[in-house]
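Working notes for the structure below.
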């Protein structure tokens, strides 16, 4: 029997803004996400896999200006691996924005 646990979390990134220096906020935010997910899904930090969409969202405004919180979808597989990803609605919206930007750049050229 394959058993996957799927949950949605709002992860606060306040600690990454307050405790890390200005130029280390984005890397600290990634670590905070891993710590939060490992704690709430009862797994080790090494078993947490963060999707590239989340990484792009954290780094979108640079290393200094990270979001204050982030909504994620977390799936824990039977073998103990935990995958962290954006919910589908947010991912689709980000892809639409990327497509619009690429169209605007093509029109400028």
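Could you say whether any residue in segment 40-48 is touching a strand residue (DSSP E or B) at 6+ places or on another chain (Cβ under 7 Å), assigned to a loop (DSSP other than H, G, I, E, B), over 29 Å from residue 101 (Cα atoms) and free of Cβ contacts under 8 Å to residues at least 60 places away in the same chain? Within segment 40-48, one or more residues are touching a strand residue (DSSP E or B) at 6+ places or on another chain (Cβ under 7 Å), assigned to a loop (DSSP other than H, G, I, E, B), over 29 Å from residue 101 (Cα atoms) and free of Cβ contacts under 8 Å to residues at least 60 places away in the same chain.
Of the set (1) in contact with a strand residue (DSSP E or B) (Cβ under 8 Å, 6 or more places away or on another chain); (2) touching a residue at least 24 places away in the same chain (Cβ under 8 Å), all apply to residue 32 but (2). Residue 4 meets the conditions (1) under 15 Å from the mean Cα position of the chain (by Cα); (2) loosely packed, with under 14 Cβ neighbours inside 10 Å; (3) modelled with pLDDT under 90 in every case but one. The failed one is (1). Residues in segment 51-72 that are within 15 Å of residue 91 (Cβ to Cβ) and in contact with a helix residue (DSSP H, G or I) (Cβ under 6 Å, 6 or more places away or on another chain): 53, 58.
Among the residues making up segment 15-29, those that are surrounded by 10 or more Cβ atoms within 10 Å (Cβ to Cβ), in contact with a helix residue (DSSP H, G or I) (Cβ under 9 Å, 6 or more places away or on another chain) and either in contact (Cβ under 8 Å) with a residue 12 or more places away in the chain or assigned to a loop (DSSP other than H, G, I, E, B) (or both) are 15, 16, 17, 20, 24, 25, 26, 27, 28, 29.
Considering segment 69-109, and only residues there that are without any contact (Cβ under 8 Å) to a residue 40 or more places away in the chain, within 13 Å of the chain's Cα centre (by Cα) and not in a helix (DSSP H, G or I), the residue that is surrounded by the most Cβ atoms within 10 Å (Cβ to Cβ) turns out to be 86.
The values are calculated or read from the model by the stated rules, or taken from the named source; none is laboratory data. What you see is a predicted model, and the numbers here were worked out from it, not measured in a lab. Every residue, glycine among them, receives a Cβ derived from its backbone with ideal geometry; neighbour counts consider all protein chains shown.
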